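So the structure is just underneath, and the comments pick up after that.
The values are calculated or read from the model by the stated rules, or taken from the named source; none is laboratory data. Fair warning: this is a prediction, and the values are worked out from it, not measured in the lab. Cβ placement follows ideal geometry from the backbone for every residue including glycine, while neighbour counts extend to all protein chains displayed.
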Amino acid sequence: MKKEYPSEIKNAIDGVLSLLKSGDLPAAIAKATFPKDNKPCSAWSFSNRLFAAIDYIYIKYPEEIKSHGDDKKARGAFISSKIGEALSVMDYRGRNQWKEVKRDVESGSLPVYILAPNMLKIEKRSYVDENGKKVILKKDEKAPEGKEEKKEEINIPTSFRGVPVFADSQTFGKPIVYKPLKLPELPYTAVAEFLQIKIIPKAFSNDYYGAYSPTYKTIELATPDQTTFFHELSHAVDDYILSFSGKKLKGGQQIDQELVAQFSANVIAYIRGYKIEESTAYTKRYIEGYAGKDADQMVIKLISRIERIVEFIVNFKQAKSPNREMEEKTGEPKSKIEELADSPKKVKHGNKK
């Protein structure tokens, strides 16, 4: 009888789930982060960096942009193909920020405008319903009986103001000295390469440690911590596997997607033999932030999805473990996902981001 998933993966999931339920986990520690690369734009929101990235492409590739004429689809495809490059190398600053590094903006240069928010601090109350959905409570509402109410202070933008910034190519003066960011050697980069995803190091800006963009085919990492990379890669593989049934990841921080990615990351770390008590403590805090105290029950409901992601990554054709290779030589059968990992297929239908 063909078994559904390798025992190595099932054992790892059981091990992480047991740790997750444990009350003896150490306090989560702050992750190591990449230092500031002295580019102010490294700390901007993704949308603002996207504004600048598009401007960078228009400045660097004017002839290519012009060659597409009024063909918006072709022009958009070209711009999308250069977004990863732009995000990794561009440098945009305001006039005063350029002056701080002894450079001036050339006369007649046209700025691109980013949005700077005017913030207001408020208290947000919420609970997680039976379907695992986070429900925001209004002013006089209370959580239903038996549901834990969570309170958190958040800053919300009340309005925005436009701030003009200029590319380094629009300035002159003293040479710019950068602190280069370098990615460590990461396992399973072959999976990212197959999915045509570019991995980009990013200076930490106190907002997130990593981010996956299915639209622009990028994984941004603000930390050398490998579980963060596993988390973002799990999002990408989740998206890839869902695409075969005509589905795709939803935008924003969806509870099921975040639980699946974070738990998958910890299982992969477990399989690789990493010491995971501290990362599991971080995982527990992370997923409880989305799902409340019933997080482990939600994880159990999502186990099959987690198994598929983990199996695809750890059994990918160029990254398979020696243990699994030995099992195959002795006739151990493969699941459908492992067969896909051995001979991955490009997605052709239009639902794929």
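List the pairs whose first member sits in the range 125-140 and is within 16 Å of GLU258 (Cβ to Cβ), whose second member is among the aliphatic types (A, V, I, L, M) and modelled with pLDDT of 80 or more, and whose Cβ atoms are under 7 Å apart, counting only residues at least 6 apart or on separate chains?
From the range 125-140, the pairs are SER126/VAL135; SER126/ILE136; SER126/LEU137; GLY132/ILE255; LYS133/ILE255; LYS134/VAL128; LYS134/ILE255.
Check the range 11-23 and report whether any residue there is modelled with pLDDT under 80 and not in a helix (DSSP H, G or I).
Yes, the range 11-23 contains a residue that is modelled with pLDDT under 80 and not in a helix (DSSP H, G or I).
From GLN226, GLN297, which residue is surrounded by fewer than 18 Cβ atoms within 10 Å (Cβ to Cβ), free of Cβ contacts under 8 Å to residues at least 60 places away in the same chain and among the polar types (S, T, N, Q)? I'd like the intermediate steps shown before the answer.
Numbers: GLN226 fails: surrounded by fewer than 18 Cβ atoms within 10 Å (Cβ to Cβ).
Selected residue: GLN297, the only one of GLN226, GLN297 that is surrounded by fewer than 18 Cβ atoms within 10 Å (Cβ to Cβ), free of Cβ contacts under 8 Å to residues at least 60 places away in the same chain and among the polar types (S, T, N, Q).
Need the failing condition index for TRP44 against (1) within 14 Å of SER205 (Cβ to Cβ); (2) touching a Lys or Arg at 6+ places or on another chain (Cβ under 6 Å), just the number.
The number of the failed condition is (2).
Suppose we keep only residues that are of a type in the set (Gly, Ala, Ser), more than 24 Å from SER343 (Cα to Cα) and part of a loop (DSSP other than H, G, I, E, B) within the range 193-248. Which one would you say is modelled with the highest pLDDT? Full working, then the answer.
Step one: list which residues in the range 193-248 are of a type in the set (Gly, Ala, Ser), which gives 203, 205, 210-211, 213, 222, 234, 236, 243, 245-246.
Still in the list and also more than 24 Å from SER343 (Cα to Cα): 203, 205, 210-211, 213, 222.
Okay, now just the ones that are also part of a loop (DSSP other than H, G, I, E, B), so 203, 205, 222.
Working: ALA203: 81, SER205: 72, ALA222: 89.
Ranking the candidates gives ALA222 first.
Looking only at the range 58-97, count every residue that is without any contact (Cβ under 8 Å) to a residue 40 or more places away in the chain and hydrophobic (A, V, I, L, M, F, W, C) and tell me the total.
Residues meeting the conditions: 7.
Which of the residues that make up the range 118-163 are under 26 Å from VAL299 (Cα atoms) and aromatic (Phe, Trp, Tyr)?
Passing the criteria: only TYR127.
Yes or no: ASP140 crowded, with 16+ Cβ neighbours inside 10 Å and either under 28 Å from LYS217 (Cβ atoms) or at pLDDT below 85 (or both)? Explain how you work it out, then say what you get.
On the way: crowded, with 16+ Cβ neighbours inside 10 Å: no; either under 28 Å from LYS217 (Cβ atoms) or at pLDDT below 85 (or both): yes.
It is false that ASP140 is crowded, with 16+ Cβ neighbours inside 10 Å and either under 28 Å from LYS217 (Cβ atoms) or at pLDDT below 85 (or both).
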